[in-house]
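Right, one structure below, let's go through it.
Read-outs throughout are calculated quantities, based only on the coordinates presented, and are distinct from any laboratory measurement. Note that the coordinates shown come from a computational prediction; the quantities given were computed from them, not determined experimentally. Because the Cβ atoms are built from the backbone with ideal geometry, glycine has one as well, and the counts that use them run over all protein chains shown.
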Amino acid sequence: MTLGPELADLEGSARLVGASRRIVRAMLARVRTGTVVLVEGERTATFGEGRPLARVVVHDPRAYGTLLRQGSVGLGASYAAGWWDCDELTDLVRILERVTTPARRRADALARRSAPLVEPLRRLAEWVRPPERVRTREQDRLHVRAHYDLSNDFFAQMLDETMMYSCAFFERPEVTLAEAQSAKLDRLCRKLALSPDDHVVEIGTGWGGFALHAARHYGCRVTTTTISDAQFEYATRRVAEAGLAERVSVVNRDYRELEGRFDKLVSIEMIEAIGWRQLDAFFAACARLLEPGGLMGLQAIVIDDRSYERAKRREDFIKRLVFPGGFLPSIEAMTRAATRVSDLRVVDLEDIGRHYAETLARWRANLEAHAEAVETLELGESFTRLWRMYLCYCEAAFLERHVSDVQVVFARGHWRGALAPQPTRARP
């Protein structure tokens, strides 16, 4: 919903605030599916009709100019600052998503058509004068720590006892979040046919959930790596407390620094942290770490193929305020990179994105249920509001199918095996 830099000064005088208010209201007049009730002081205006319905109460009119100037970044920042409130944040983002979809699709089509011409010129320009945004490994560490090193205690309040921070799989609506996370892990483990004979390398430890699950239920050895100091310490402690130190080794190293060959490789929603320029390096490293007949299980949040070219360079709310350095790959971008730099090929793909909205809703419910405990962490009200917006923003994106989540199995060239037809927990 960005209208351009010429509106950068709209947050100032009463005249400009009034102009930005009128523009935002004109944009809301385009709402066709769903209803936005806008309340400011004594004034109430209704836009659209039907469900979903979102009631927005504006406390500070500077929110209008911030939204116009910064788009989704302004939406999230102004909410975190307390300039407006909405009890139906997910519904509001869904309505706004529907309003902006036609313009976004036109931009996506233009970016996709021009990519073959523009990309070689951009690469040449970056070779002549490397931009600051080409990241070093130390910058990767800083980006990861900015998100994952916030507070282990905070994530413990949001997640369940598995400490999995990724899409769960709800086999039945009534299952707990922990049961749904275990089902997700079983689904991936069974696709890889994990067994006690396997040595698995995991790229992106998280808080140790997969490594513990695979070692405990499938008997394999796991070497798992992270560049988050907080996660490294937490996962190492969990492994020791579980009595699995002989099977699970947690290391604090960049995945590109790992050595050796492994039977299987797993990476669960870590690829989003590497940046789109590192896709080739990521898949090249994965292939190097796998035996010639090895399998790789990748779970990733993905954006539609048609949106990838535009979105990969666009800074949005999440990239700016929540997850610096992040990006969303597309299925096409991942498969192209994998085949360009390695002999990895896709042998199985399952879209589980329909389960992510429920996962996010459960995380948000956990934070609300543990509000007093979160408050004792002294992270601040703006942080709490930022994360409420983050979870609702993502939930809306999955409900509107703007993004999804996939489990992909890649195989190296010598693999001639068979995948498990129905992923269920292996019996010990």
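Based on the Cβ-Cβ distance of S13 and R256, what FRET efficiency does E = 1/(1 + (r/R0)^6) give at R0 = 41 Å, to the nearest 0.05?
Working: r = 52 Å, r/R0 = 1.26.
With R0 = 41 Å, the Cβ-Cβ based efficiency is 0.20.
In degrees between 0 and 90, to the nearest 10, how far off the longest principal axis of the chain does helix 89-128 point, with axes built from Cα atoms?
The answer is roughly 70 degrees.
Using the Cβ atoms and a cut-off under 9 Å, what net charge is assigned to the surroundings of Y356, where Lys and Arg are +1 and Asp and Glu are -1? Walk me through the numbers before you get to the answer.
Working: positive: R354; negative: E358, E395, D405.
Around Y356, the charge tally is -2.
For the chain, what does -39500 (n - 2.57) per DSSP helix run (n ≥ 4), summed and divided by total residues, give at 222 nm, in deg cm²/dmol to the nearest 500? Intermediate values should be presented prior to the final figure.
Numbers: 16 runs with 200 residues, N = 428.
Helix contribution divided over all residues of the chain: -14500 deg cm²/dmol.
Quick one: if you stick a label point 7 Å off each Cα along the C-beta vector at R277 and A365, how many nm between them?
Between R277 and A365, the label points sit 4.2 nm apart.
Cα centroids of the stretch 313-385 and the stretch 166-183: how far apart, whole angstrom?
Cα centroid to Cα centroid, the span is 17 Å.
Give me the orientation-averaged projected area of the Cα convex hull of the stretch 336-407, in nm², one decimal. Let's see the in-between values first.
Values: hull surface 28.0 nm².
Taking a quarter of the hull surface, the average projection is 7.0 nm².
Between L53 and residues 5 or more places away or on another chain, which pairs have amide H atoms under 5 Å apart, with H built 1.01 Å from N, and which residues are they?
Under 5 Å from the amide H of L53 lie the amide H atoms of T35, each far enough along the sequence or on another chain.
What list of ³J(HN,Hα) couplings, whole Hz, do you get for the stretch 371-385 from phi and the Karplus terms 6.51, -1.76, 1.60, once you set θ to phi - 60° and write x for glycine and proline?
4, 5, 5, 5, 4, 5, 6, 6, 7, x, 5, 5, 5, 4, 5
Report ³J(HN,Hα) in whole Hz for each residue of the stretch 256-269, in order, from the Karplus equation J = 6.51 cos²θ - 1.76 cosθ + 1.60 where θ = phi - 60°; Gly and Pro get x.
Once rounded to whole Hz, the list reads 6, 9, 5, 10, x, 10, 10, 6, 9, 10, 10, 8, 10, 6.
By count of other Cβ within 10 Å, fewest leading, how are E202, E233 ordered?
Details: E202 26, E233 14.
Final ranking by Cβ density, sparse to dense: E233, E202.
Check which residues have an amide H placed less than 5 Å from L290's amide H, if you skip close sequence neighbours.
For L290, the qualifying residues are F262.
Among H355, H213, H147, H414, which comes first, then next, by fewest other beta-carbon atoms within 10 Å? Spell out each step's value before the answer.
On the way: H355 19, H213 22, H147 16, H414 11.
Arranged by neighbour count, lowest to highest, H355, H213, H147, H414 become H414, H147, H355, H213.
So what J values fall out for the stretch 311-322 if you push phi through Karplus, 6.51 cos²θ - 1.76 cosθ + 1.60 with θ = phi - 60°, rounded to Hz, Gly and Pro as x?
Karplus values, whole Hz, x for Gly and Pro: 6, 5, 9, 8, 8, 10, 3, 6, 4, 7, 10, 10.
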